[in-house]
Amino acid sequence: MSITELLTVLFPQLACLCVERVLAVGRSVRIVARTREPEAVCPYCGVRSDRVHSRYERRVSDMAISGRETLIQLQVRRFFCGNDGCERKTFAEQVPGLTVRYDRRSLGLAAVLRAVAVALGGRPGARLADRLGAAVSRMTLLRLLRGLPEPSAAGVPRVLGVDDFALRRGHRYGTVLVDIEAGRPIEVLTDRSADTFAAWLQAHPGVEVICRDRAGCYAEAATRAAPHAVQVADRWHLWHNLGQAVERTVAQHRGCLPEPDPPREPDAGEQRPSAPAPAQRSAAGRLAERTTARHAAVHGLLADGYGVKAIARELRLARGTVRRFARAQDVAELLASTGTGRRPSILEEHKPYLHQRWNAGVTNAATLFTELREKGFRGSYETVRDYIATLRSTGQVPAAPPPSPPTVRETVGWIMSNPDDLDADHEQRLAAILGRCPRLRAARGHVRAFADMMNTLGGRDLEKWMTSVEADDLPALRSFVTGLRRDQDAVTAGLTMPWNSGPVEGHVNRIKTIKRQMYGRANPDLLRVRVLHAD
Ligand SMILES: [Zn+2]
Ligand SMILES: [Zn+2]
């Protein structure tokens, strides 16, 4: 490949120029060039002319070259138009692929900046443009946005998706209309009223299918302004509403989420913790005994109405000590925090495990120490031995704390999940909850059946599904069904027809991103331009 060929590939916009000089000036590149075609075409009448009227210099900013801002110092000509029928006497030549009238920016640079403006808007766009070697002001980017042509109307969509989005959260909402088949936003309306949507439908007759959320003002507008269009309650909203009903159900059964206390299983062979042999008593054991006795004394006096000061006097203890004992609900807590005085914290995170093993009958300190080492415990054998001794002597072993119960939200997530997507631990915890609570078990069954219906477009089973929900004592799901019945045709269509609102949701999410870039001060006009030119 010759260098000329290479340059033609890399800089096509310079192909029909005669480049005279290239200068590197600081962070920028300056190209001095002139046009070389003997003739030019009059833009007004299309007739060629070779009669030069005058020459002058134009400066055109172009896309950065190697990250450097690029300026073309261009010698151009003004021609006489030789066509007697043309209203113009003279015209300025343009360089194809590079210049347009009155623009200091090349076609390529303008395209880049428009793309930056659509993607990022004013301020962030200006920051990026600067990094791209195309420094431009925020206002210029906004002007470029406003100057974008209306996206070519590709006719009225056959399948229309409609959804709302917050312009200002909780204050103002807009409406986005999406051509579902093309997956392209076609209009942004600046409110979410039935009238505005109805007016749009009237101005754009021919929509056959309208995917919308649950019965509401879009449904009302569609019924009024496009009575022949099939209304489809879209699956995303149905699923979302079902999730809300499940959340209310789980919240109602919050009490069924935590594991009940496991029953203590007496173990064979090992000594019961409550019957310590005197020989096993150690210094740690004596400390534990004293702690236990003090705890009992402090709480006894508290129960009798004594204040901290009085108790301290009574028991000859420092007030801080009394407060510490008063705060502790049981001795184990105190022992855990004081331990044997030997940096108890190092053992802290392993205590639940120790308690669990202890309750399972493993009480040998050496065995437990070995096990803990394997689990990453870095402390000494004595630490473990002394702690085990306190467990032995107090006889008060906190049950291994059950894993903290799942939150309502987590549980809802598990119930709504495809069972194939649940990891083993969550599956097990969900199974335990469903095992304890027949109502939640029933709810999960209904959710799975609904998911099947959605995934297989089995809308014909809707009636059966609703009847089976109504047969159960699940008030929130029942009221979900009541809502479905009010909009049953559209819901059945939503569970039968292939349309779904994936494209609409995608665009609503994009709108959210744009709004975040606009720091929440979304100007509806600019937002509209950016949404419509997103592709
Ligand atoms: Zn002309
Ligand atoms: Zn329950």
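Just one of the listed residues (471, 476) is closer than 30 Å to residue 432 by Cβ and either free of Cβ contacts under 8 Å to residues at least 40 places away in the same chain or of a type in the set (Asp, Glu) (or both), and it is 471.
Kindly establish whether residue 69 is assigned to a strand (DSSP E or B) and without any contact (Cβ under 8 Å) to a residue 60 or more places away in the chain. The answer is no for residue 69.
Residue by residue through region 27-48, note down the ones that are touching a Lys or Arg at 6+ places or on another chain (Cβ under 9 Å), under 16 Å from residue 73 (Cβ atoms) and either within 16 Å of ligand 1 (Cβ to nearest atom) or not polar (S, T, N, Q) (or both). Steps first, answer last, please.
Our first condition is that a residue be touching a Lys or Arg at 6+ places or on another chain (Cβ under 9 Å); within region 27-48, this holds for 27-35, 39-45.
From what is left, the residues that are under 16 Å from residue 73 (Cβ atoms) are 28-35.
Scanning region 27-48 gives 29, 30, 31, 32, 33, 34.
Scan region 481-535 for residues that are modelled with pLDDT under 70, outside any helix (DSSP H, G or I) and out of contact with any strand residue (DSSP E or B) (no Cβ under 9 Å at 6 or more places or on another chain) and jot them down. Answer for region 481-535, where residues must be modelled with pLDDT under 70, outside any helix (DSSP H, G or I) and out of contact with any strand residue (DSSP E or B) (no Cβ under 9 Å at 6 or more places or on another chain): 518, 519. Take the residues in region 284-317 that are open to solvent by less than 60 Å² (accessible area, probe 1.4 Å) and outside any helix (DSSP H, G or I), then tell me which one is nearest to residue 393 (Cα to Cα). Filtering first and then ranking leaves 317. Against the list (1) out of contact with any Lys or Arg (no Cβ under 7 Å at 6 or more places or on another chain); (2) surrounded by fewer than 19 Cβ atoms within 10 Å (Cβ to Cβ), the condition residue 148 fails is (1). Screening residue 197 against (1) in a helix (DSSP H, G or I); (2) surrounded by fewer than 16 Cβ atoms within 10 Å (Cβ to Cβ); (3) of a type outside the set (Asp, Glu) leaves a single unmet condition, (2).
Looking at 155, 183, can you tell me which residue is closer than 21 Å to residue 233 by Cβ, modelled with pLDDT under 85 and out of contact with any Phe, Trp or Tyr (no Cβ under 8 Å at 6 or more places or on another chain)? First the steps, then the outcome.
Working: 155 fails: closer than 21 Å to residue 233 by Cβ.
Going through 155, 183 in turn, just one is closer than 21 Å to residue 233 by Cβ, modelled with pLDDT under 85 and out of contact with any Phe, Trp or Tyr (no Cβ under 8 Å at 6 or more places or on another chain): 183.
Exactly one residue out of 231, 252 is closer than 22 Å to residue 480 by Cα and within 16 Å of ligand 2 (Cβ to nearest atom), and it is 252.
Determine, yes or no, whether residue 160 is closer than 26 Å to residue 58 by Cα and of a type outside the set (Phe, Trp, Tyr).
Criteria not met by residue 160.
What tally of residues in region 73-107 results from selecting those that are of a type in the set (Asp, Glu) and under 18 Å from residue 55 (Cβ atoms)?
Applying the first criterion (of a type in the set (Asp, Glu)) to region 73-107 yields 84, 87, 93, 103.
Adding the requirement that they be under 18 Å from residue 55 (Cβ atoms) leaves 93.
Here the count works out to 1.
Of everything in region 81-107 that's among the small types (Gly, Ala, Ser) and modelled with pLDDT of 90 or more, which residue is nearest to ligand 2 (Cβ to nearest atom)?
Step one: list which residues in region 81-107 are among the small types (Gly, Ala, Ser), which gives 82, 85, 92, 97, 106.
Imposing the further condition that a residue be modelled with pLDDT of 90 or more reduces the set to 92, 106.
Details: 92: 81, 106: 69 Å.
Looking at residues that are among the small types (Gly, Ala, Ser) and modelled with pLDDT of 90 or more, I get 106.
The number of residues in region 104-123 being assigned to a helix (DSSP H, G or I), touching a Ser or Thr at 6+ places or on another chain (Cβ under 8 Å) and either buried (at least 21 other Cβ atoms within 10 Å of the Cβ) or among the acidic types (Asp, Glu) (or both) comes to 2.
Would you call residue 56 hydroxyl-bearing (Ser, Thr, Tyr), at pLDDT 85 or above, open to solvent by 50 Å² or more (accessible area, probe 1.4 Å) and within 16 Å of ligand 1 (Cβ to nearest atom)? In short, no.
Within region 345-377, can you find the residues that are open to solvent by less than 70 Å² (accessible area, probe 1.4 Å), in a loop (DSSP other than H, G, I, E, B) and either within 19 Å of residue 393 (Cα to Cα) or small (Gly, Ala, Ser) (or both)?
360, 361, 362, 363, 376
Pick from 448, 444, 439: which is open to solvent by 60 Å² or more (accessible area, probe 1.4 Å) and either aromatic (Phe, Trp, Tyr) or on the phi < 0 side of the Ramachandran plot (or both)?
On the way: 448 fails: open to solvent by 60 Å² or more (accessible area, probe 1.4 Å); 444 fails: open to solvent by 60 Å² or more (accessible area, probe 1.4 Å).
Going through 448, 444, 439 in turn, the sole match is 439.
Counting only residues that are in a loop (DSSP other than H, G, I, E, B) and touching a His at 6+ places or on another chain (Cβ under 9 Å), how many does region 124-152 have?
Residues of region 124-152 that are in a loop (DSSP other than H, G, I, E, B), as a first pass: 132-137, 147-152.
Next cut, touching a His at 6+ places or on another chain (Cβ under 9 Å) only: 148, 151.
Within region 124-152, residues that are in a loop (DSSP other than H, G, I, E, B) and touching a His at 6+ places or on another chain (Cβ under 9 Å) number 2.
Here residue 255 clears all of (1) among the small types (Gly, Ala, Ser); (2) closer than 30 Å to residue 441 by Cα; (3) modelled with pLDDT under 80 except the condition numbered (3).
The values are calculated or read from the model by the stated rules, or taken from the named source; none is laboratory data. Note that this is a predicted model, so its numbers are computed, not measured. Methodologically, a virtual Cβ is constructed for each residue, glycine included, from the backbone with ideal geometry; neighbour enumeration extends over all protein chains shown. Note: accessible area is taken over every heavy atom of the protein model, side chains too, but ligands, DNA and RNA are not part of it. Shrake-Rupley method; radii C 1.70, N 1.55, O 1.52, S 1.80 Å.
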